[in-house]
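Only one structure is covered here, and it is reproduced in the block below.
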Amino acid sequence: MSLRPMILAAAVAAALAGCATLDVASSPKVSPALTAAVAESTRPEADRTRDTDRKPAELMAFAGIKSGDKIADMLPGGGYFTRLFSKAVGDKGTVYAMAPARAANAPNDPAAAVTAIAAEKGYGNVRVVSLDMAKPATTELLDVMWTSLNYHDLQNRQGADLAVFNKMVFNSLKPGGVYIVIDHAAEKGTGKSTTSTLHRIDPDFVKAEVEAAGFKLEAESALLANASDNRKSVNRETGIRGKTDQFVFKFRKPKR
């Protein structure tokens, strides 16, 4: 087959699939600004040691993050991505670290780490807000909503309705805005049945659930894929922790 028919066949296949599949190990190109964000000297050493497995520069390039963007880091944990986003969007951008409100009698505050980051010199564009599953936490529409390795946990929150949550994300974004979902992959066909046991979720289930809110799956990446993971182990088990087979989805809110 000549090159032209091969290209055409590939384009048709991608169209029939409903989205393009990108391997960001080779594309898209990482900008100098994103490289600099990862190289930022104020990042803790504990964060730097995770970069090889998490590939933050490539993921931010895949999301299309740029200077001046307004980004929500949902369930930011220790603030690994919060710090990176802060440097990537610069002084003209804003990072909303959306942590759950502290439960009554809970020993730890989920927002403690990102609150400390927001108080550090050089991170003045970080705003800590409470994550409400049902309504936007910001008064301005955002460019990117991001959740990494947390979507399965949302399924386990008492009384959680992910249809409501995904609609909240949809309504929080500008037309054309991006919703990034990264998580540990469960076996196909398992739906959300392993979210509280293996702490994984079926990628196809996530696609359907998010698209039901009005999003379009624009692209997915194999950047964090690991074919040697059988998807049957708890994601924290020795030998697989940090190296699970992970899916990376880029959804977009239609412009009209």
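The values are calculated or read from the model by the stated rules, or taken from the named source; none is laboratory data. Quantities reported herein were computed from a predicted structural model and do not represent experimental measurements. All Cβ positions, even for glycine, are placed from backbone atoms using ideal geometry, and neighbour counts span all protein chains on display.
Assorted remarks:
- Residue match in the range 135-143 (condition: within 18 Å of the chain's Cα centre (by Cα), surrounded by fewer than 24 Cβ atoms within 10 Å (Cβ to Cβ) and of a type in the set (D, E, K, R)): yes
- Tally of residues being assigned to a loop (DSSP other than H, G, I, E, B) and surrounded by 13 or more Cβ atoms within 10 Å (Cβ to Cβ) across the range 125-134: 4
- Qualifying residue in the range 10-24 (condition: β-branched (V, I, T), more than 23 Å from Y179 (Cα to Cα), modelled with pLDDT under 95 and assigned to a loop (DSSP other than H, G, I, E, B)): no
- Scanning the range 107-122 turns up no residue that is crowded, with 23+ Cβ neighbours inside 10 Å, outside any helix (DSSP H, G or I) and touching a strand residue (DSSP E or B) at 6+ places or on another chain (Cβ under 9 Å).
- Meets criteria (in a loop (DSSP other than H, G, I, E, B) and crowded, with 22+ Cβ neighbours inside 10 Å) for I71: no
- Among the residues listed as A36, A57, the single one being loosely packed, with under 15 Cβ neighbours inside 10 Å, outside any loop (DSSP other than H, G, I, E, B) and without any contact (Cβ under 8 Å) to a residue 60 or more places away in the chain: A36
- Of all the residues in the range 151-183, those that are in contact with a helix residue (DSSP H, G or I) (Cβ under 7 Å, 6 or more places away or on another chain) and closer than 16 Å to T138 by Cβ number 3.
- The lone exception for K92 - which of (1) in contact (Cβ under 8 Å) with a residue 40 or more places away in the chain; (2) surrounded by fewer than 24 Cβ atoms within 10 Å (Cβ to Cβ); (3) not small (G, A, S) it fails: (1)
- Filter pass, L75 being at pLDDT 95 or above, at positive phi and of a type outside the set (S, T, N, Q): yes
- Helices (runs of 4 or more DSSP H) (entirely within the range 151-256) containing at least 3 residues that are without any contact (Cβ under 8 Å) to a residue 60 or more places away in the chain and out of contact with any strand residue (DSSP E or B) (no Cβ under 7 Å at 6 or more places or on another chain): 162-172, 203-211
- Residues in the range 224-256 that are hydrophobic (A, V, I, L, M, F, W, C) and within 15 Å of the chain's Cα centre (by Cα) were compared, and the one that is surrounded by the most Cβ atoms within 10 Å (Cβ to Cβ) is F251.
- When M168 is tested against the conditions (1) more than 21 Å from L59 (Cβ to Cβ); (2) aliphatic (A, V, I, L, M); (3) in contact with a Gly (Cβ under 9 Å, 6 or more places away or on another chain), the lone failure is (3).
- Residue list for the range 144-167, restricted to those being over 30 Å from K243 (Cβ atoms) and either modelled with pLDDT under 95 or buried (at least 22 other Cβ atoms within 10 Å of the Cβ) (or both): Q158, G159, D161
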